[in-house]
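The values are calculated or read from the model by the stated rules, or taken from the named source; none is laboratory data. Just so it is clear, the structure is predicted and the values come from calculations on it, not from any experiment. Quick reminder, even Gly has a Cβ in these numbers, built from the backbone with ideal geometry, and neighbours come from all protein chains shown.
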Amino acid sequence: MSTHTLVIPPAEHGEEDFAYAEQLVIDEGGIDLKSGGETVISASFDKLDPFQLAYEVLPESFSFPTPQDSLEWEEFVQTGAHNTENISDEDLELAARGFLTMLAIRGGYTK
């Protein structure tokens, strides 16, 4: 589980009464938005693919040092995505979990 303090944008004319969440709480079950210490809305991850969720929140752009590196990465991804005989979905999920856990350890937010 992780709790994050959110940035509340300054109120513009006519938005003084608009409520923003102050905290975002995420765990394997879902997301809670909190305001004043109370949960104001929750969303469950039930029946959602956790790997799709992880992918959806990745930054959309990433810069490679060279165009050749970018091309090689794209070829690697396409080859691996279609190589279902030698690389199972379970193998890919295990690799994704491993790399995400490594980043979590480095970032200090591992479970």
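General observations
- For beta carbons closer than 9 Å, sequence separation of 6+ or different chains, a first residue in segment 88-107 that is in the same structural domain as Leu58 (by TED's automatic domain parsing) and farther than 13 Å from Ala54 by Cβ and a second that is of a type outside the set (Val, Ile, Thr) and not in a helix (DSSP H, G or I), there are no qualifying pairs.
- Selection status of Glu93, within 16 Å of the chain's Cα centre (by Cα) and acidic (Asp, Glu): yes
- Of all residues in segment 97-111, those satisfying the criterion of being among the small types (Gly, Ala, Ser), in a helix (DSSP H, G or I) and either modelled with pLDDT of 95 or more or more than 13 Å from the chain's Cα centre (by Cα) (or both) are Gly98, Gly107.
- Segment 30-73: number of residues that are assigned to a strand (DSSP E or B) and either assigned by TED's automatic domain parsing to the domain that holds Gly98 or among the basic types (Lys, Arg) (or both): 1
- Residue in segment 24-44 that is farther than 21 Å from Met1 by Cβ, touching a residue at least 12 places away in the same chain (Cβ under 8 Å) and of a type outside the set (D, E, K, R) present: no
- Residues of segment 79-86 include at least one that is within 28 Å of Thr110 (Cβ to Cβ) and at pLDDT 90 or above.
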